[in-house]
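The values are calculated or read from the model by the stated rules, or taken from the named source; none is laboratory data. These figures come from a predicted structure and were not determined experimentally. Cβ: placed from backbone, ideal geometry, glycine included. Neighbour counts: every protein chain shown.
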Amino acid sequence: MALSITNINKSFEGLQALSDITFSVREGELFGLIGPDGSGKTTLFRIITTLLLPDRGEVDLFGLDVLKNYKKIRQLIGYMAGRFSLYHDLTVEENLKFYATVFGTTIEKNYDLIKDVYCQIEPFKTRRAGKLSGGMKQKLALSCALIHKPGLLVLDEPTTGVDAVSRMEFWDMLKRLQKRGITILVSTPYMDEASLCDRVGLIQKGNLLSVNKPENIIAGYQRELLSVSSDNLYKLVNDLRNEKNTHSAFLFGQSVHLTRKEGKASAKQVIKYLQDKGHESIHINVIKPGIEDCFMDLMNEEDEMALSG
Amino acid sequence: MSEQKETIITVKNLVKKFGNFKANDNLSFEVFKGEIFGFLGANGAGKTTAIKILCGLWAPTSGEINVAGFDIYNQTEQIKKNIGYMSQKFSLYEDITVFENIRLFGGIYGLSRREIAQRATDLMQRLDLEHSRDKLISSLPLGWRQKLAFSVAILHNPKLVFLDEPTGGVDPVTRRKFWDQIYEAADRGITVFVTTHYMDEAEYCDRVSIMVDGRIADLDTPSALKGKYRVKNMNEVFLKIARIKPDENN
């Protein structure tokens, strides 16, 4: 195991930020921690990276206890914080040099490792970091986190606020780093990124809902899921929600994902109901759930009640 | 969308330069009254610049722009009174209460004391927030906060509301509840101008424009765009249009 986390608890002023978090990350694995804002991802990452003390629980990294060996641990971890935390008034190259020096190494020594990422921003190496575009900042931050050749790369929401194209490129880079033997722990609020990880942990309100391979999480989905579409999407989702046998009805792109309360969903019944409501071009089929369907199913009833206001 | 397609935003040849860099390079488009208009684009494509101009916060370098019936050059104050704005980055003041936020924004929008009291009561009733009237915003769950922020942004019944990445970072259920609110607002006749990085949300828009490098690369209904690029969803449309080269100089 590269990383073992056991019963981590943390609260801030009575608010439970993390409740009994236990999971491990294997050596060479790309592990994704997936959950919305405020679910506890950053708190957990700060504990793993020795920046915050847990109230209870243990973190073991490459056989070292994080509390007792924090100095050694810091050499083994490359951490990319959620907020851009490089020096705005230093140039691209100066930032990289600074991080290399702090870790007692040089750019030349580990250039091979960062080359793939850094070469894309090298043409702008004399530009101040504060003047870079979002995508370039992200690449520089990743280069700086990698410069001391860490065993574990911890990336806190590297793709938040990043457009779909840059997100895809960033994941391609992570895959290439993984191939070079670096263990990667990455957090994201984007459910669709789950399928790009070897294993994922779904986290909500400080509770780990599930830890598994993305395909196993999907296989564990118990309900029959229907995709429903008609000529009026907004009316469709409202009508379906008001139908007495509906368990859940959520917008998914151009269709509504529907689960029924008991037993097998009867598509015929739903079609009849919608026809009576005046819908046209009604299409219904049974579909395989995605991670987002699973996540919403796992979010406990209580949350749904609270959020439905 | 109304039959005659009355326009609420008209943009003709909008150019915004910063030095030699053209952040908005000759944009021309219209937004129709009552529609949900998705304004998509890669990071640095020029979306934020265009929104700031449309809200009357920045002057364009050149171009003819009319928002909610007012000219962008000399009627910016009227524009501000007729639009609402909400973003993920800033929505409400965290260190004052629910009611204080409503009162503050009502005051900024020039509502009378009586109107504010009336609308605050309606709003808190509708959102089931009556019991939270005197709670600090910071104590509310993110989902509630965003619902409230959106309601506050349209407290003055604007003709048009700008939503800049309103759903970033929220959980999938809350994200969808938020779109219910958007649909409700559109149903009430408020035009919604929205940006997002979630491509499934692009499907909920009546029409979407996709910006690349300061230009509008394409603009149409989601189904027309999917047909045109022969793909299944808006994510693929976006990748086809926006993935021209890795981001470089901007």
Looking at segment A:221-229, can you tell me whether even one residue there is under 28 Å from the mean Cα position of the chain (by Cα), within 14 Å of another protein chain (Cβ to nearest Cβ), polar (S, T, N, Q) and under 25 Å from A:Asp20 (Cα atoms)? no
Of the residues B:Gly107, B:Gly63, which single one is in contact with a helix residue (DSSP H, G or I) (Cβ under 8 Å, 6 or more places away or on another chain) and either part of a strand (DSSP E or B) or not aliphatic (A, V, I, L, M) (or both)? B:Gly107
Could you list, in sequence order, all residues of segment B:235-250 that are at the interface with chain A (Cβ under 7 Å from one of its Cβ atoms) and either at pLDDT 95 or above or touching a strand residue (DSSP E or B) at 6+ places or on another chain (Cβ under 9 Å) (or both)? B:Phe238, B:Ala242, B:Asn250
Which residues, counting only those in segment A:263-298, are out of contact with any helix residue (DSSP H, G or I) (no Cβ under 7 Å at 6 or more places or on another chain), more than 14 Å from every other protein chain (Cβ to nearest Cβ) and surrounded by 11 or more Cβ atoms within 10 Å (Cβ to Cβ)? A:Ala265, A:Ser266, A:Ala267, A:Gln269, A:Val270, A:Ile271, A:Lys272, A:Tyr273, A:Gln275, A:Gly278, A:Asn285, A:Val286
Can you spot a residue in segment A:172-187 that is under 15 Å from the mean Cα position of the chain (by Cα) and either free of Cβ contacts under 8 Å to residues at least 40 places away in the same chain or within 15 Å of A:Cys294 (Cβ to Cβ) (or both)? no
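To keep it simple, each residue is scored yes or no on (1) in contact with a Ser or Thr (Cβ under 8 Å, 6 or more places away or on another chain); (2) closer than 20 Å to B:Asp164 by Cβ.
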residue	(1), (2)
B:Glu6	no, no
B:Val11	yes, yes
B:Leu14	yes, yes
B:Phe21	no, no
B:Gly46	no, yes
B:Leu54	no, yes
B:Gly69	no, no
Only one of A:Ile121, A:Ile182, A:Ile147, A:Ile203 that is closer than 12 Å to A:Leu30 by Cβ, crowded, with 20+ Cβ neighbours inside 10 Å and at pLDDT 90 or above: A:Ile182
Do you know which residues across segment B:201-221 are within 21 Å of A:Lys235 (Cα to Cα) and surrounded by fewer than 21 Cβ atoms within 10 Å (Cβ to Cβ)? B:Asp206, B:Arg207, B:Thr221
Would you say B:Val173 is touching a Leu at 6+ places or on another chain (Cβ under 7 Å), under 25 Å from A:Phe250 (Cα atoms), crowded, with 22+ Cβ neighbours inside 10 Å and within 13 Å of another protein chain (Cβ to nearest Cβ)? no
Within segment A:146-162, can one find any residue that is within 12 Å of chain B (Cβ to nearest Cβ) and free of Cβ contacts under 8 Å to residues at least 24 places away in the same chain? no
Which ones in segment A:231-247 are within 14 Å of chain B (Cβ to nearest Cβ) and either of a type in the set (A, V, I, L, M) or not in a helix (DSSP H, G or I) (or both)? A:Asp231, A:Asn232, A:Leu233, A:Leu236, A:Val237, A:Leu240, A:Asn242, A:His247
Looking at segment B:181-202 only, could you name the residues that are of a type in the set (Ser, Thr, Tyr) and more than 9 Å from chain A (Cβ to nearest Cβ)? B:Thr191, B:Thr195, B:Thr196
Of the residues in segment B:124-145 that are crowded, with 19+ Cβ neighbours inside 10 Å and in a helix (DSSP H, G or I), the one that is modelled with the lowest pLDDT is B:Gly143
Hey, could you check segment A:74-118 for residues that are touching a Gly at 6+ places or on another chain (Cβ under 8 Å) and part of a loop (DSSP other than H, G, I, E, B) and say which is modelled with the highest pLDDT? A:Asp89
So which residues in segment B:90-120 are of a type outside the set (Phe, Trp, Tyr) and touching an Asp or Glu at 6+ places or on another chain (Cβ under 8 Å), if there are any at all? B:Thr97, B:Val98, B:Gly106
Out of contact with any Pro (no Cβ under 8 Å at 6 or more places or on another chain), at the interface with chain A (Cβ under 8 Å from one of its Cβ atoms) and β-branched (Val, Ile, Thr), is that true of B:Val161? no
Tell me which residues, restricted to segment A:139-166, are touching a Ser or Thr at 6+ places or on another chain (Cβ under 6 Å) and either assigned to a strand (DSSP E or B) or within 14 Å of A:Gln178 (Cα to Cα) (or both). A:Leu152, A:Val154
Quick one: B:Lys89 ticks every box in (1) closer than 30 Å to B:Asn13 by Cα; (2) more than 14 Å from chain A (Cβ to nearest Cβ) bar one, so which box is it? (2)
List the number of the failed condition for B:Gly107; all other conditions in (1) of a type outside the set (A, V, I, L, M, F, W, C); (2) over 21 Å from B:Val161 (Cβ atoms); (3) more than 10 Å from chain A (Cβ to nearest Cβ); (4) free of Cβ contacts under 8 Å to residues at least 24 places away in the same chain hold. (2)
All but one of (1) touching a residue at least 24 places away in the same chain (Cβ under 8 Å); (2) assigned to a helix (DSSP H, G or I) hold for A:Lys71; state the number of the condition that does not hold. (1)
In segment A:185-200, residue farthest from the other protein chains (Cβ to nearest Cβ) [restricted to those that are buried (at least 21 other Cβ atoms within 10 Å of the Cβ) and of a type in the set (A, V, I, L, M, F, W, C)]: A:Leu185
With the condition kept exactly as written, say whether any residue in segment A:27-37 is in a strand (DSSP E or B), among the aromatic types (Phe, Trp, Tyr), more than 24 Å from A:Glu193 (Cα to Cα) and out of contact with any Asp or Glu (no Cβ under 6 Å at 6 or more places or on another chain). no
